[in-house]
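Novice: Okay, here's the structure, questions in a sec.
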Amino acid sequence: MTLNEQSRQTTSSPLVKRGLAEMLKGGVIMDVVNAEQAKIAEDAGAVAVMALERVPADIRAQGGVARMSDPDMIEQIMKTVSIPVMAKSRIGHFVEAQILESLKVDYIDESEVLSPADYVNHIDKWKFGVPFVCGATNLGEALRRITEGAAMIRSKGEAGTGDVSEATKHIRTIRAEIAALSAKTKDELYVAAKELQAPYDLVCEVAASGKLPVVLFVAGGVATPADAAMMMQLGADGVFVGSGIFKSGNPAQRAAAIVKATTFYNDPSVIAAASRGLGEAMVGINVSDLPAPHRLSERGW
Amino acid sequence: MALPIGVLALQGDFREHAATLDHIGVQHRLVRTVEELESVAGLIIPGGESTTIQKLATMFGLFEPISEKIRNGLPVFGTCAGLILIADRLLDGIEGQSTFGGLDVTVRRNAFGHQSDSFEIDLDFAGLDTPVHAAFIRAPIIESVGPNAVALATLPDGRIVAAGQGNLLGISFHPEVTGEHRIHRLFADLVKRAI
């Protein structure tokens, strides 16, 4: 956080960092690998795009170490669209994050979709002016990321599968753990903080407010308008759609349909209309068929 | 009984606006359909992504009805993306982006640059006796105010960030996220007078 005395302006404050995520609520953030896809996403009504070299389905198929994208490619996307652009760094790779900050991306995703660079520490996100979004599979993980400075949380799901079951599990887990916390008496919160492996003050804040202090999106396996609407009904503030759009038969139409269903998540007739004639969805992989080492959601802690 | 104030709930921080109205004890309802639009005495257009809100409004047949309501005098309060959407003229919009219009101003979208240039500041606001704490998040600015509108707040460098005209109020920043309730109160009073 910096204060410019002359203009009395404060930049990069927690309020400003978390505030951008507040403005994305009720929206769809789409993975794009080039300027052309970014344009399609913007035209379909995406609230932001995630610039990356390979969508998770391809990272999964091709294997190897997945790293931050080429700055040229990220900049090209930033030049093409006017909506916020996010980009991914590896977990713990603070230099990739420094590079992304120097490119002036609007949000950095410290992401388990890429290969972790540090199996002990995540990035100290307080050091950065640019806000971070981080993945979480449960409340403790979400609170640890917020403690490190994350300004937005997305539940992890299982990226690149088109199987929404893990996303469902993670959002349900986080919501249930928050509800359980709210039901505890004050003297029970000490042990709750210990069990969640999260700071006591933050645990008390969540218990009192009944929600995370930052915006919570869902990611990982969302492929259809119905998937997106279900995540919203389960309490998500918005959705990330990765491989689900550009690995499908008709990306522009599917993207717009998911945007519609995310807004009208409580109106089955709108979701039904949005689901018609979309062509082929991404083929997908069942998470239960994935051997444990290939489950991305188990990266990060 | 007086009709509630509507909060356009297509995308963005509409819940924060609803919570602010709760805080000052003003009845409200979320608006996503033409029927819901028919049942409100005023409309708040929240912060969010202006391109997304405009596309959703068009897809669901709200675009023309909202424009028409504004022309017929419906009180409307827009913050950030909401300001963009009620401006008569828009700079740096995407191809094909249009606005509901009504407020005689020229607005530049995302005028401060990237997220790293977002900021907080205290500003004087016409009609309020102490400064408001304002958060600018990838915010637009009002490049010029036409003869029908008046500027209500400016940055220290003189750039205009709030304007009003009749029943319309448009501001670049987000009172709904900084706990500032007085501008919503001003709007609620405006709605009361319009009935």
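Novice: Considering only protein heavy atoms and a probe of 1.4 Å, how much of the accessible area of chain A is carbon and sulfur, as a whole percent?
Specialist: Values: 6000 of 11670 Å².
Here it works out to 51 percent.
Novice: For chain A, what class follows from the C-alpha gyration tensor (a ≥ b ≥ c being the square roots of its eigenvalues): rounded when a/c is under 1.5, otherwise prolate if a/b is larger than b/c, else oblate?
Specialist: Rounded.
Novice: Can you give the average number of partner chain beta-carbon atoms within 10 Å of each beta-carbon in peptide A:82-88, as a whole number?
Specialist: The per-residue average across the peptide is 4.
Novice: Sticking with this structure for a sec: How much of the DSSP beta bridge set in segment B:5-194 is antiparallel, as a percent to the nearest 5?
Specialist: Given both bridge residues lie in segment B:5-194, the antiparallel proportion sits at roughly 50 percent.
Novice: I've got another one for you. Sorted by packing (mean other beta-carbon atoms within 10 Å per residue), highest first, where do A:14-25, B:45-56 land?
Specialist: Order by mean packing, descending: B:45-56, A:14-25.
Novice: Oh, and also: Calculate the FRET efficiency for A:Q62 and B:R29 from the Cβ-Cβ distance with a Förster distance of 45 Å, rounded to the nearest 0.05. Please report the intermediate quantities before stating the final value.
Specialist: On the way: r = 50 Å, r/R0 = 1.11.
Step by step, r from the Cβ atoms, then E = 0.35.
Novice: Could you put B:R29, B:R71, A:R299 in order of accessible surface area, largest first, with the 1.4 Å probe and the full protein assembly present? Show your work: numbers first, answer last.
Specialist: Numbers: B:R29 90, B:R71 155, A:R299 65 Å².
Most to least solvent-accessible, the answer reads B:R71, B:R29, A:R299.
Novice: How many Å² of accessible area per residue for chain B, probe 1.4 Å?
Specialist: 36 Å²
Novice: Could you grab the Rg to Rh ratio for chain B? Cα atoms only, Kirkwood for Rh.
Specialist: 0.93
Novice: If ligands, DNA and RNA are left out, what is the accessible area of A:M230 with a 1.4 Å probe, given in Å² to the nearest 10?
Specialist: 80 Å²
Novice: Let me ask something else about it. Provide a whole-number value for the mean count of partner chain Cβ atoms within 10 Å of the Cβ atoms in peptide B:110-117.
Specialist: Mean shielding count: 6.
Novice: Answer rounded, prolate or oblate for segment B:1-116, using the Cα gyration tensor with square roots of eigenvalues a ≥ b ≥ c: rounded when a/c is under 1.5, else prolate when a/b is larger than b/c, else oblate. Display every interim value, and only then the final one.
Specialist: Details: a/c = 1.80, a/b = 1.39, b/c = 1.30.
In terms of gyration-tensor shape, prolate.
Novice: In addition: Roughly how many Å² of B:D157 are accessible to a 1.4 Å probe, to the nearest 10?
Specialist: Looks like 100 Å² after rounding.
Novice: If you stretched the chain out fully between A:N34 and A:K79, how much longer would it get, using 0.36 nm times the residue separation minus the C-alpha to C-alpha distance?
Specialist: 15.1 nm is the gain from fully extending A:N34 to A:K79.
Novice: Please list A:V85, A:V270 from largest to smallest accessible area, probe radius 1.4 Å, with all protein chains kept in place.
Specialist: Numbers: A:V85 5, A:V270 25 Å².
So, going from the largest accessible area down, we get A:V270, A:V85.
Novice: Sticking with this structure for a sec: Subtract the Cα-Cα distance of A:V95 and A:R8 from 0.36 nm times their separation in residues, and report this length gain in nm to one decimal.
Specialist: Full-extension gain reported as 28.3 nm.
Novice: To continue, here is another question. In debye to the nearest 20, how big a dipole does chain A give about its Cα centre with +1 on each Lys and Arg Cβ and -1 on each Asp and Glu Cβ?
Specialist: Magnitude of the dipole: close to 360 debye.
Novice: Let me ask you something else. Top mean-square fluctuation among A:D43, A:D72, A:D109, Gaussian network model of chain A, C-alpha springs under 10 Å?
Specialist: So, out of A:D43, A:D72, A:D109, the one fluctuating most is A:D72.
Novice: What is the distance, in nm, between label points placed 7 Å from the Cα along the Cα-to-Cβ direction at A:N138 and at A:A208?
Specialist: 2.6 nm
Novice: Report in % the part of the accessible area of chain B that belongs to carbon and sulfur, leaving out ligands and nucleic acids; probe 1.4 Å.
Specialist: Answer for chain B is 49 percent, counting heavy atoms of protein chains only.
Novice: Among A:A281, A:A273, A:A61, which one shows the highest mean-square fluctuation when chain A is modelled as a Gaussian network with alpha-carbon springs under 10 Å?
Specialist: Residue with maximal mean-square fluctuation among A:A281, A:A273, A:A61: A:A61.
Novice: Across 10 Å bins from 0, what is the distribution of all Cα-Cα pair distances for segment A:118-166, in whole percents?
Specialist: 26, 47, 24, 3
Novice: Interface B/A, total buried accessible area with a 1.4 Å probe, nearest 100 Å²?
Specialist: 3200 Å²
Novice: 7 Å from Cα along Cα→Cβ at both A:E195 and B:E68: what's the point-to-point distance in nm?
Specialist: 5.7 nm
Novice: Determine the per residue accessible area of segment A:140-232 with all protein chains present and a 1.4 angstrom probe, expressed in square angstrom.
Specialist: 37 Å²
Novice: Would you mind classifying segment A:47-131 by shape? Square roots of the alpha carbon gyration tensor eigenvalues, ordered a ≥ b ≥ c; an a/c under 1.5 is rounded, otherwise it is prolate if a/b is larger than b/c and oblate if not.
Specialist: oblate
Novice: Considering only DSSP beta bridges whose two residues both sit in the protein assembly as shown, what percent are antiparallel, to the nearest 5? Please list the in-between numbers first.
Specialist: Details: 23 of 68 bridges.
Here the antiparallel bridges make up roughly 35 percent for the protein assembly as shown.
The values are calculated or read from the model by the stated rules, or taken from the named source; none is laboratory data. Keep in mind that what you see is a predicted model, and the values were worked out from it rather than measured. We place every Cβ from the backbone using ideal geometry, glycine too, and count neighbours over all the protein chains shown. For accessibility, only protein heavy atoms count, side chains too; no ligands or nucleic acids. Shrake-Rupley method; radii C 1.70, N 1.55, O 1.52, S 1.80 Å.
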